[in-house]
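Trainee: Sending over a structure as structure tokens; questions will come in a sec.
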Amino acid sequence: MNSTEIRRQWENAAPGWARWESTVAAWMQPATDTMFSLAGVSPGARVLDIACGAGSQTLVAARSVGADGHVVASDIAHSMVQHVRENARAAGLANVTTLVGAAEDLAVDPNSFDAVICRLGLMLFAAPANALTAAHRALRPGGRLAAVVFTTPDANPFMARPLQVLLRHSGKTPPAPGRPGIFSLGAPGRLAALLTEAGFADVHERTVSLHLRLPAAADALTMIQQAFGLYRAIIEDSPEPVRDAAWAEVGSTLASFESPSGFVAPAEVIVVAGTRPA
Ligand SMILES: C[S@@+](CC[C@H](N)C(=O)[O-])C[C@H]1O[C@@H](n2cnc3c(N)ncnc32)[C@H](O)[C@@H]1O
């Protein structure tokens, strides 16, 4: 999948992503806190948020850096960035600016950021190594990057099982190693190695366990259908009966996460961090 296809996929998913972003924000909060702390998002900092989506973490970063700091939110999809602008304006945050473009081709001044953050983005990029090189260039010496990616299919059954179902019904195969995919950077050490190759020092990974909580499995199904660009793209070109059968089976699969307290699914992410050497 190239950058043009990825952009189209996420332009289409942007309205749904924006609708579900508060759920994603609550789900990811422990990982987001860790990412901010490892990247050094603190009062007065200049922060670059890569693959910002609808910007829930952008706005938290903007509040953390305060009026003396600044956040540049960047995403490949114009519609995502539009949501960030509207949300920042509605929140009265004047310290957020936006940038549309692939992370691999970041058009920002070199040495101009104290921190780079990227939540749930890198594994979806056509060329994550190039994005890390661009982020390294954007940081001042001593500046830090922290990023969040999903770990493995076993540790993320809510993400993995629907993916298998959609791939089987559509007759497609999982992405080949090295291609964009939900779990493409989730093996222990994989993303850390990419950071080291891009020139980062003091590279380390922290695993964070999470739970996605929703009222019912039907909500999880709607969330995947509306917001998850990659999942939507797998099945969108299949005939309607195939799509219907695939989504019905995804719904049954998700029902296994229902309990008397609602839908509760375990998940696991890695927060990886590194420093641009001084
Ligand atoms: C799963 S969403 C995560 C959004 C946000 N970071 C969050 O955690 O809520 C992935 C985002 O990556 C963006 N994206 C995908 N490929 C990209 C690329 N090559 N460069 C920049 N953004 C990209 C998509 O448009 C989408 O907004």
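Trainee: In segment 13-50, how many are over 20 Å from residue 96 (Cβ atoms), modelled with pLDDT under 95 and within 10 Å of the ligand (Cβ to nearest atom)?
Mentor: 1
Trainee: Looking at segment 107-120, is at least one residue at pLDDT below 95 and surrounded by fewer than 19 Cβ atoms within 10 Å (Cβ to Cβ)?
Mentor: Going residue by residue through segment 107-120, those that are at pLDDT below 95 are 107.
In the following step, the residues that additionally are surrounded by fewer than 19 Cβ atoms within 10 Å (Cβ to Cβ) were identified as 107.
Checked segment 107-120: at least one residue is at pLDDT below 95 and surrounded by fewer than 19 Cβ atoms within 10 Å (Cβ to Cβ).
Trainee: Quick one: in segment 26-43, of everything that is without any contact (Cβ under 8 Å) to a residue 40 or more places away in the chain and outside any helix (DSSP H, G or I), which residue is nearest to residue 201 (Cα to Cα)?
Mentor: Ranking the candidates gives 42 first.
Trainee: Evaluate segment 55-66: report whether one residue or more is of a type outside the set (A, V, I, L, M), under 25 Å from residue 203 (Cβ atoms), away from the ligand (no atom under 12 Å from the Cβ) and in a loop (DSSP other than H, G, I, E, B).
Mentor: Applying the first criterion (of a type outside the set (A, V, I, L, M)) to segment 55-66 yields 55-58, 63-64, 66.
Still in the list and also under 25 Å from residue 203 (Cβ atoms): 57-58, 64.
Okay, now just the ones that are also away from the ligand (no atom under 12 Å from the Cβ), so 64.
In the following step, the residues that additionally are in a loop (DSSP other than H, G, I, E, B) were identified as none.
No, segment 55-66 contains no residue that is of a type outside the set (A, V, I, L, M), under 25 Å from residue 203 (Cβ atoms), away from the ligand (no atom under 12 Å from the Cβ) and in a loop (DSSP other than H, G, I, E, B).
Trainee: Same structure again: Mind telling me which of the residues 263, 200 ends up being in contact with a Ser or Thr (Cβ under 8 Å, 6 or more places away or on another chain) and aromatic (Phe, Trp, Tyr)? Break it down into steps so the answer makes sense when it comes.
Mentor: Working: 263 fails: in contact with a Ser or Thr (Cβ under 8 Å, 6 or more places away or on another chain).
200 is the lone residue from the list that is in contact with a Ser or Thr (Cβ under 8 Å, 6 or more places away or on another chain) and aromatic (Phe, Trp, Tyr).
Trainee: Condition first: assigned to a loop (DSSP other than H, G, I, E, B), within 30 Å of residue 244 (Cα to Cα) and modelled with pLDDT under 95. Can you find one or more residues in segment 126-145 that meet it? Lay out the reasoning, then the answer.
Mentor: Initially, segment 126-145 is screened for residues assigned to a loop (DSSP other than H, G, I, E, B), giving 126-127.
Subset that is within 30 Å of residue 244 (Cα to Cα): 126.
After this cut, where a residue has to be modelled with pLDDT under 95 as well, the list is 126.
Scanning segment 126-145, I find at least one residue that is assigned to a loop (DSSP other than H, G, I, E, B), within 30 Å of residue 244 (Cα to Cα) and modelled with pLDDT under 95, so the answer is yes.
Trainee: Just one of the numbered conditions (1) within 16 Å of the ligand (Cβ to nearest atom); (2) part of a loop (DSSP other than H, G, I, E, B) is not true of residue 160; which one?
Mentor: Of the numbered conditions (1) within 16 Å of the ligand (Cβ to nearest atom); (2) part of a loop (DSSP other than H, G, I, E, B), the odd one out for residue 160 is (2).
Trainee: Taking only segment 223-255 into account, find how many residues are over 25 Å from the mean Cα position of the chain (by Cα), surrounded by fewer than 17 Cβ atoms within 10 Å (Cβ to Cβ) and assigned to a loop (DSSP other than H, G, I, E, B).
Mentor: Qualifying residue count, segment 223-255: 1.
Trainee: Restricting to segment 83-100, and then to whatever is crowded, with 17+ Cβ neighbours inside 10 Å and not aliphatic (A, V, I, L, M), can you tell me which residue is nearest to the ligand (Cβ to nearest atom)?
Mentor: Among them, the one singled out is 83.
The values are calculated or read from the model by the stated rules, or taken from the named source; none is laboratory data. Computed from a prediction, not measured in an experiment: that's the story for all the values here. Every residue, glycine as well, gets a Cβ built from its backbone with ideal geometry; the counts of neighbours run over all protein chains shown.
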